[in-house]
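**Student:** My questions will all concern the structure given below.
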Amino acid sequence: YANAIQYALSDKTKVGLGILQAALLIGISGDFLLREMPWGLNTFLWILMVSATFIGLTYSQRREFLNKETLMLHGALLFFAATFLYRASIPLLLLNVLAVFTVAAVLTLPSLKLNPKFSGVSHYLLGFVWSGINLLISPFLLVFNDIKWSGSSDSKWSKTVFPAIRGLLIGLPLLLVFGALFMGADAAFEGLIKRTLNIDTGEIFGHLFLIIFLSWIVAGYLRGTLYGSLIPDQFFKRDSNTETTPKLNWREFNSSWLPSSLNLGKIEISIIWGLMNLLFLTFVIVQLPYLFGGFEYVQNTENVKLADYARRGVAELGLVTVLVLPVLLIGHWFINRENKATEKLFKIMAGIQIGLLFVIMLSSAQRMILYTGSYGYGLTLERFYAMVFLAVLAAIFIWFAGTILSGYRPKFAWGMLWIALFTLGILNITNPEDFVLKTNIQLMQAGRDFDVQYNTHELRDDAVPRLIEFLPNLSERQRCDAENGLNLLDNQTKHGWRLINWNSARWKAKYALDSYKQQNGLQGNWVKNCYQLYPEQSNTR
């Protein structure tokens, strides 16, 4: 019996390896064929490769699935694929593509123990759903459950080579994502990468993405048509009555119930976070002159302008900061915590990444301060909330280091929740709109332009009292524009008279505006043509 199980596992491993090899070959071929537009012969050849691989695997592993009905479906699949050879009507080709997808979905029904010939419409819809699920999940199961990478636990191949390959497969996509964000965030870093690699990074990313995407969906589809279960055998155990019961404990939801092949070891951790830390360190080294050389360094550096530097990279660096947290959380979830050396290595690598991330966050904060300060373009609600969000993330990463990296993971979510709630409470007390307006007024007093359009049209009731108080300090043309904006706001705001609709901010805004209208003899709804009244005064930004 044990020999039979070992043989079955070995046979399943061979099938899994065959699917992986075929999917990778089809993915590379798809990158070569499908990039040429408009589609024609290339599309037919690619679908022919998928169909031939499907038939070959079915014949060798699940011959019972290869019957008259499935052969007819393959014939229909190739027929609609061949329409790309002799039809050019876009609507017609779109319908043909839909037919190809439909046939491919119906071909998955035998794995669900359904005969396509005797299945109903609901079963065909199930085929679509089943195919979609397999495209997402099956490649994971193929690599980490179906394929037994070694027959012996003492194999050097299983202890070194395959963990290294797996680490590269996980680490390289992360490296590409964060590398692209850093290149978009900083021109100097982008130039360094391009000079170092001397390649068209955009084209390389495009090829890699298409190959990985096509290989992924083909592997998921082929695996789904051969095996009818998405749940690995390791998820179940047999009790004394030989009944199969799940061994999941949702109160202790961690990676302990996963197959050991899904856990990350020292080699994977070293490769994944080693590559990411190297990328982060390179970016930090490029940023150091900006951080410690002052704004003058940016202004005096060739091809790096102050305004471009301030605008560029704020969104990209913010996205980097956001993405690091789920990467660290997921990575920590998958490590083998029974191995203390592995957990210690992760803590070291994660600690280094958080340290480098704080330097990057400092660079992002500096850009935001430059963008909104006396050399920039004033403060807006979007920029204000971006800085607050950056501060919240900094607090969360400190909490991450104090809990998860210190062995107190269960406390992390609770603390993160309260960091967010406390920050939100502070924002409600401080009145962000009033703070933005106050900051812009201070910048105007320091010599910067005052954006009347934004401060009267984008800022709402919370900022009205301060704006009305400041109106006498504006020029006649600016005050005219501001009054038009306040009139528009007054007309758009519904001031209910019932107590149930009472709001302090709206009440204060209406009281201040009514007082201003009475003092200046403004009755009802007014609209002034500021250009005709003050043609000699140019408008502000």
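**Student:** About its Cα centre, what dipole magnitude does region 7-99 give when the only charges are +1 on Lys and Arg Cβ and -1 on Asp and Glu Cβ, stated in debye to the nearest 20?
**Tutor:** 140 debye
**Student:** Here is the link list: K68/K148; K344/K411; K14/K68; K194/K347; K14/K117; K14/K347. Which ones come out longer than 29 Å on Cα distance?
**Tutor:** Over 29 Å Cα-Cα: K68/K148; K194/K347; K14/K117; K14/K347.
**Student:** Taking the mean number of other Cβ atoms within 10 Å as a proxy for protection, how do you rank 186-193, 425-432 from highest to lowest?
**Tutor:** 186-193, 425-432
**Student:** Between A420, L370, A394, whose Cα lies farthest towards the positive end of the dipole of region 362-441 when Lys and Arg beta carbons carry +1 and Asp and Glu beta carbons carry -1, centred on the Cα centre?
**Tutor:** A394
**Student:** Relative contact order for region 332-459 using alpha-carbon pairs under 8 Å, separation at least 6, rounded to a whole percent?
**Tutor:** 23 percent
**Student:** Another question, if that's okay. So which chymotrypsin sites (Phe, Trp or Tyr not before Pro) in region 394-478 are both in a DSSP loop and have at most 16 other Cβ atoms within 10 Å of their Cβ?
**Tutor:** For chymotrypsin sites (Phe, Trp or Tyr not before Pro) across region 394-478 that sit outside H, G, I, E and B with at most 16 neighbouring Cβ atoms in 10 Å, the list reads Y408.
**Student:** Find how many whole Å separate the alpha carbon centroid of region 323-358 from the alpha carbon centroid of region 179-199.
**Tutor:** What the calculation gives is 26 Å, centre to centre.
**Student:** Could I ask something else about it? Which residues' amide hydrogens lie under 5 Å from the amide hydrogen of I335, considering only partners 5 or more residues apart or on another chain, with H built in the peptide plane?
**Tutor:** Excluding prolines and chain starts, which carry no amide H, the hits are L264.
Throughout, read-outs are computed from the coordinates displayed, never taken from laboratory work. Note that the structure is a prediction, hence the values are computed from the model and not measured. A quick note on method: Cβ atoms are made from the backbone with ideal geometry, for glycine too, and the neighbour counts reach across all protein chains shown.
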